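Following: one structure in C-alpha cells, then a few remarks.
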Amino acid sequence: WAYRNEWIQATPMARIDRIEIIRGPASSLYGNNAFLGVVNVVTLEAGESGGRELRAGVSGGSGGLADLWASLRLPVGSWRISLDAGGFRRQGTSTRFPELSPELLPAELDRESREHAYLFMQGEGWSLSSFLMNRVQRLPHAPFQAEIGSPETHYRNRLAFGEFRAEPKWGEIKGLVRVFWDWNLFDDRYHYDGVRSPDPEGIYTDRDLDRSLGGELQARAPLGEDWTLIGGLEHFRHRGTRRCGSGRPRRRS
C-alpha cells in the first residue's frame, strides 16, 4: 500500500484499531508491491461499537501548530459508513541563512497546511473506500538557487484514491474482485532573482501529474487441511505527465 502513505500520515491515532505487520514476501496474497512485507493499518469502522458514534479532537503546539479532526461512524441497516475529515496548520519558525542573506526570515515563510477527508462504506461481501488530501508547504530555504525570502516559493501535493473490493464465495472457494484508482498532482513554484542562479529572473513552475488504474481477480481453494491453492490476475496501468515552466506536458511513463 505504498500509494496510501499520505493517508496513513493523516489518520488520527484515535481512528486506528491496530497495526498489523507481515514480514517477508507476500505478493501471492497482497499484490506485486508486497515483495518485502505488508503493513496493514486497521481502522475503527461503523457498527463495531454497536451504534452511531461521533469523535472529534483538537491539538496544538509551538510554532503555531494546530490540528483538528472529526470522525463519524454510522451503521445504516447492513451497511457501515465511516467519514473522517481534518485539517493541519503550522505557522513555522523564523529562520536565518547567514551565508545567503543577513536578514531573519519571518515565520510565515515556513508555513505548512493540510486538509484531508476519508470515506469508507461496507456491505455484505463488499467495501468501498476513498481518500482526498491537499497539502501546501512554503520553502524558506529557497532550494535550487531560488530567491531567499520570497513568499512565492512553495510546493503543493494533491492526492486522491479509491478502491472497490468484493469477496464472493463459491462453496469452499473464496474469491476477490478489486478495482482501484489513484490520482496524484504535485506542483511547485520557485521565484528566481537572477542573482543566485544564472537563470533569468521570473517565476518557474513544475507540474507532475500521475494517474493510475488497476484491477485484480483472485481465487483461493483449500487442498486438504494444510494446503491452499491460490490463483489470480492483476492488471495495472499508470500514466504521468510533467510540465516545466511554460513548456508543453510530455508523457513520462
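The values are calculated or read from the model by the stated rules, or taken from the named source; none is laboratory data. Computed from a prediction, not measured in an experiment: that's the story for all the values here. Quick reminder, even Gly has a Cβ in these numbers, built from the backbone with ideal geometry, and neighbours come from all protein chains shown. Just so you know, the surface numbers come from the protein's heavy atoms only, side chains and all, with ligands and any DNA or RNA stripped out. Shrake-Rupley method; radii C 1.70, N 1.55, O 1.52, S 1.80 Å.
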**OP:** Kindly indicate whether residue 178 is among the basic types (Lys, Arg), at negative phi and open to solvent by 50 Å² or more (accessible area, probe 1.4 Å).
**Re:** no
**OP:** Give the residues of the stretch 91-100 that are closer than 19 Å to residue 196 by Cβ, surrounded by 14 or more Cβ atoms within 10 Å (Cβ to Cβ) and not hydrophobic (A, V, I, L, M, F, W, C), sorted by residue number.
**Re:** 95
Original post:
Across the stretch 101-120, what is the total count of residues that are open to solvent by less than 40 Å² (accessible area, probe 1.4 Å), of a type outside the set (D, E, K, R) and under 21 Å from the mean Cα position of the chain (by Cα)?
Top reply: 5
Original post:
Considering only residues of the stretch 23-38 that are over 18 Å from residue 165 (Cβ atoms) and open to solvent by 70 Å² or more (accessible area, probe 1.4 Å), which is modelled with the lowest pLDDT?
Top reply: 35
**OP:** Being within 30 Å of residue 151 (Cα to Cα), in a strand (DSSP E or B) and open to solvent by less than 70 Å² (accessible area, probe 1.4 Å) is the filter here, so list the residues in the stretch 204-247 that pass it.
**Re:** 205, 206, 208, 209, 210, 240, 241, 244
Original post:
Of these, 245, 215, which one is out of contact with any Gly (no Cβ under 6 Å at 6 or more places or on another chain) and modelled with pLDDT under 85?
Top reply: 245
Subject >> Pairs where the first residue, in the stretch 229-252, is over 12 Å from residue 210 (Cα atoms) and among the hydrophobic types (A, V, I, L, M, F, W, C) and the second is outside any strand (DSSP E or B) and at pLDDT below 90, C-beta under 9 Å, 6+ apart >> reply: 230/28; 230/29; 236/31; 236/32
Original post:
Scanning the stretch 92-108 for residues that are in contact with a Leu (Cβ under 8 Å, 6 or more places away or on another chain) and touching a residue at least 24 places away in the same chain (Cβ under 8 Å), which turns out nearest to residue 174 (Cα to Cα)?
Top reply: 92
